[in-house]
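The values are calculated or read from the model by the stated rules, or taken from the named source; none is laboratory data. Because the structure is predicted, anything quoted here is derived from the model rather than measured. Quick reminder, even Gly has a Cβ in these numbers, built from the backbone with ideal geometry, and neighbours come from all protein chains shown.
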Amino acid sequence: MSIFSNLFGKKKDADTQGERMMPVFPQEIYQAGLLDFRDIIAPSALEINANYIRLGSKYARTLFVFTYPRFLATSWFAPIINLDRVFDISIFVHPVDTAIILRNLRKKVAEVESQISIREEKGLVRDPILDTAAQDLENLRYKLQQAQEKLFNLGLYLTVYADTLKELDEAESEIRSILEAKLVYAKPALFQQKDGFSSTLPLAYDRLGINTFMNSSPISSIFPFVSFDLTSNRGILYGINRHNNSLVLFDRFNMENYNSVVFAKAGAGKSYLTKLEILRSLMFGVDVIVVDPEKEYEYLAETVGGRFFNISLNSPHHINPFDLPIPREDESPADVLRSNIINLVGIFRIMFGGLNAEEDAIIDRAISETYASKDITPDSDFSKVTPPLLTDLETVLRNMEGGESLALRLKKYTEGTWAGFINQPTNVDIDKKMVVFSLRDMEDELRPIAMYIVTHYIWNAIRAELKKRVLIVDEAWWLMKTVDGASFLFGLAKRARKYYLGVTTITQDVADFMDSPYGKPLITNSSIQILLKQSPATIDAMVDTFNLTEEEKFLLLESDVGEGIFFAGLKHVAIKIVASYTEDQIITSDPSQLLAIKKAKEEYAKTSEITTP
């Protein structure tokens with residue numbers, strides 16, 4: 001007999017069977033082998049026990065609340081919602097007919113008042129429990145009759161999940177302890193775990209049916225979304241709220257100032273977070289400028305079509321600190337020139353390792369005369385002048401009374417090994433959406449000077465044109481090592497809002513940052529503060545500076561990479577930084593990932609060479 005006849009059926013012997021086999025169609029066989037949605041989401045196994053359910057490799061237990069105190073404070077349920085456990089919560093609120101309840105309340109009031117009267121007739125002492133019950137019943141009746149309140153049947157269930165029975169018992173004990181501290185009592189749904197689990201699924205079925213009468217006011221105190229929420233209609237995604245899994249969407253340009261600070265130990269994810277913010281800010285038309293001490297932002301700049309400048313003694317990129325910004329309409333040239341001279345004095349304080357009062361005055365006068373030697377005065381058109389160089393200042397000092405020693409100390413920057421660094425005309429331009437200045441190859445001795453000069457140049461460029469920008473100063477403790485560098489950074493952060501600029505200060509050396517007299521003022525002048533994983537050596541400084549609670553202190557100590565606390569104004573939430581796969585490939589600083597990406601590029605290049613004719 002052929003397979004075809006078997007598949008579609010055959011006619012049997014009418015004398016022996018007297019019946020025909022039903023045909024079997026191919027589509028029925030196909031449909032029988034298909035998976036439907038329930039097959040996909042169903043656990044691999046289900047085991048129902050008296051006080052728990054096993055779902056595959058997970059254990060689950062459902063608890064129900066059966067007793068509440070006389071008064072419920074606002075947000076009493078918050079400690080449960082924000083608990084660092086895996087659980088589901090269902091809150092069932094069943095409306096009750098007010099007319100029926102009023103009739104029942106009338107009977108109940110009569111019963112209570114009758115008991116009070118009987119006790120009075122017997123000469124017994126008044127029972128405060130009965131008096132309180134009578135008072136509460138009368139108040140509830142009045143509010144129901146005046147439509148100030150409504151009555152409901154409330155069912156509150158929690159299903160807790162764990163990997164082992166021991167963890168499940170611990171989770172149950174923790175939840176019950178928190179509730180009992182507020183005089184709210186819960187217990188497991190014995191022999192009803194299946195119904196309890198079904199009641200906490202997103203199906204809106206109250207299969208347990210364990211309800212308590214409650215009026216509107218106390219029910220409102222159970223409102224579940226009590227965690228601080230930083231989700232707004234505009235802004236970029238910083239991460240996920242670890243307490244309630246809401247999105248932390250925020251726009252720094254909606255705050256009173258646009259500055260932020262990021263504190264984290266090495267490897268905690270501060271650069272990862274910053275690159276993610278850069279990538280997402282660029283999508284909203286924000287220009288980004290980065291002072292990068294470790295050459296971490298080069299690949300990101302190349303990917304988004306930005307500019308990358310490597311500042312070092314042998315670099316072809318130069319910045320002349322004597323450059324002057326073109327004054328805007330609301331600025332006078334005299335103020336711009338005066339401000340630039342003050343900042344230049346700060347640079348020379350760092351270069352010379354400090355100046356006494358006499359030397360400070362000489363340098364100030366010498367800089368003014370150096371500008372004058374190039375016909376640059378407060379009345380000049382700065383767009384048409386050629387700024388002087390360091391060599392010009394050296395010449396002026398050499399011919400100035402008391403300036404000979406300063407000219408001698410300046411010689412190593414004009415003719416020595418460091419001459420190629422700043423004794424050159426500026427040949428960099430920041431006309432791209434993203435610009436990175438890398439200082440990795442700069443000698444450690446020169447790095448604070450280089451950071452100051454680069455930041456000073458960026459500040460002049462920002463003042464020249466009003467645009468929506470973010471300036472990121474990574475490893476800012478290099479700049480904070482000197483009083484003049486810290487003072488300049490603080491002044492920049494304080495004045496940034498006027499120029500539509502947000503300054504992001506990043507550091508891992510919290511001690512150096514906080515030891516500076518400008519450390520704490522920088523923090524207070526930043527509307528956003530992000531704290532990622534901290535080391536035990538620095539956590540006490542964090543606690544004192546940010547007034548952290550014990551829970552927040554241990555959260556920072558025990559956080560994984562990319563986890564911490566996000567402060568925005570008066571609000572703060574526990575945050576987890578999340579990036580898409582594509583974003584992760586662009587911004588990662590993990591050496592293993594970078595090596596894998598490099599190998600992939602090399603293999604792709606080899607393949608391209610082979611396939612190219």
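Collect the residues in segment 169-203 that are of a type in the set (A, V, I, L, M) and either under 14 Å from Ala50 (Cα atoms) or without any contact (Cβ under 8 Å) to a residue 40 or more places away in the chain (or both), keeping them in residue-number order. It would help to see each step written out before you state the result.
Narrowing segment 169-203 to residues of a type in the set (A, V, I, L, M): 171, 175, 178-179, 181, 183-184, 186, 189-190, 201, 203.
Answer for segment 169-203, where residues must be of a type in the set (A, V, I, L, M) and either under 14 Å from Ala50 (Cα atoms) or without any contact (Cβ under 8 Å) to a residue 40 or more places away in the chain (or both): Ala181, Ala189, Leu190, Leu203.
Of the set (1) buried (at least 16 other Cβ atoms within 10 Å of the Cβ); (2) not in a loop (DSSP other than H, G, I, E, B), all apply to Ser589 but (2). Of all the criteria given as (1) of a type in the set (Lys, Arg); (2) at pLDDT 85 or above; (3) more than 26 Å from Glu302 (Cβ to Cβ), the one not satisfied by Lys468 is (3).
Going through Lys295, Lys270 one at a time, which residue ends up being within 22 Å of Ala450 (Cβ to Cβ) and crowded, with 21+ Cβ neighbours inside 10 Å?
On the way: Lys295 fails: crowded, with 21+ Cβ neighbours inside 10 Å.
The conditions single out Lys270.
Taking helices (runs of 4 or more DSSP H) that fall entirely within segment 445-561, which contain at least 1 residues that are over 29 Å from Asp323 (Cβ atoms)?
On the way: elements: 447-464, 477-480, 483-495, 510-515, 519-524, 536-546, 550-558.
Qualifying helices (runs of 4 or more DSSP H): 510-515, 519-524, 536-546, 550-558.
When Phe197, Phe225 are screened for being modelled with pLDDT under 80, under 41 Å from the mean Cα position of the chain (by Cα) and not acidic (Asp, Glu), only Phe225 passes. Residues in segment 46-101 that are within 28 Å of Asp163 (Cβ to Cβ), in the same structural domain as Glu170 (by TED's automatic domain parsing), touching a strand residue (DSSP E or B) at 6+ places or on another chain (Cβ under 7 Å) and not in a strand (DSSP E or B): Arg85, Val86. Look through segment 440-460, keep the residues that are among the aliphatic types (A, V, I, L, M) and in contact with a strand residue (DSSP E or B) (Cβ under 7 Å, 6 or more places away or on another chain), and return whichever of them is nearest to Phe352 (Cα to Cα). Ranking the qualifying residues of segment 440-460, first place goes to Met451.
In segment 380-390, how many are part of a loop (DSSP other than H, G, I, E, B) and within 24 Å of Gly416 (Cβ to Cβ)? Write out each step before concluding.
Taking segment 380-390 and keeping what is part of a loop (DSSP other than H, G, I, E, B), we get 380-389.
When the remaining residues are screened for being within 24 Å of Gly416 (Cβ to Cβ), the result is 387-389.
Of the residues in that region, 3 qualify.
Quick one: is Tyr238 crowded, with 19+ Cβ neighbours inside 10 Å, assigned to a strand (DSSP E or B) and touching a residue at least 24 places away in the same chain (Cβ under 8 Å)? Judged against the criteria, Tyr238 is a match. Residue pairs whose Cβ atoms lie under 8 Å apart, separated by 6 or more positions or on different chains, with the first residue in segment 65-77 and in contact (Cβ under 8 Å) with a residue 60 or more places away in the chain and the second acidic (Asp, Glu), are Arg70/Asp136.
Has segment 212-220 got any residue that is under 30 Å from the mean Cα position of the chain (by Cα), farther than 30 Å from Pro43 by Cα and either of a type in the set (Ser, Thr, Tyr) or modelled with pLDDT of 90 or more (or both)?
Taking segment 212-220 and keeping what is under 30 Å from the mean Cα position of the chain (by Cα), we get 220.
Then keep just the ones that are farther than 30 Å from Pro43 by Cα; that gives 220.
Filter again for either of a type in the set (Ser, Thr, Tyr) or modelled with pLDDT of 90 or more (or both), leaving 220.
Yes, the conditions are met somewhere in segment 212-220.
May I ask you to list the residues in segment 396-425 that are hydroxyl-bearing (Ser, Thr, Tyr) and surrounded by fewer than 16 Cβ atoms within 10 Å (Cβ to Cβ)?
Residues of segment 396-425 that are hydroxyl-bearing (Ser, Thr, Tyr), as a first pass: 405, 413-414, 417.
Answer for segment 396-425, where residues must be hydroxyl-bearing (Ser, Thr, Tyr) and surrounded by fewer than 16 Cβ atoms within 10 Å (Cβ to Cβ): Ser405, Thr417.
Residue count for segment 335-379 under the criterion of being among the hydroxyl-bearing types (Ser, Thr, Tyr), closer than 17 Å to Asp392 by Cα and in a helix (DSSP H, G or I): the result is 4.
Just to check your reading of the model, which residue among Lys481, Lys498 is surrounded by fewer than 21 Cβ atoms within 10 Å (Cβ to Cβ) and modelled with pLDDT of 85 or more?
Values: Lys481 fails: modelled with pLDDT of 85 or more.
The conditions single out Lys498.
Checked against (1) farther than 30 Å from Thr62 by Cβ; (2) touching an Asp or Glu at 6+ places or on another chain (Cβ under 7 Å), Val160 passes all but condition (1).
A quick yes/no check of all residues on (1) without any contact (Cβ under 8 Å) to a residue 60 or more places away in the chain; (2) under 48 Å from the mean Cα position of the chain (by Cα):
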site: Glu111; (1), (2): yes, no
site: Ala134; (1), (2): yes, no
site: Leu154; (1), (2): no, yes
site: Thr159; (1), (2): no, yes
site: Lys166; (1), (2): yes, yes
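For Asn244, the criteria (1) at pLDDT below 90; (2) surrounded by fewer than 15 Cβ atoms within 10 Å (Cβ to Cβ); (3) farther than 30 Å from Lys498 by Cβ hold in every case but one, which is (2).
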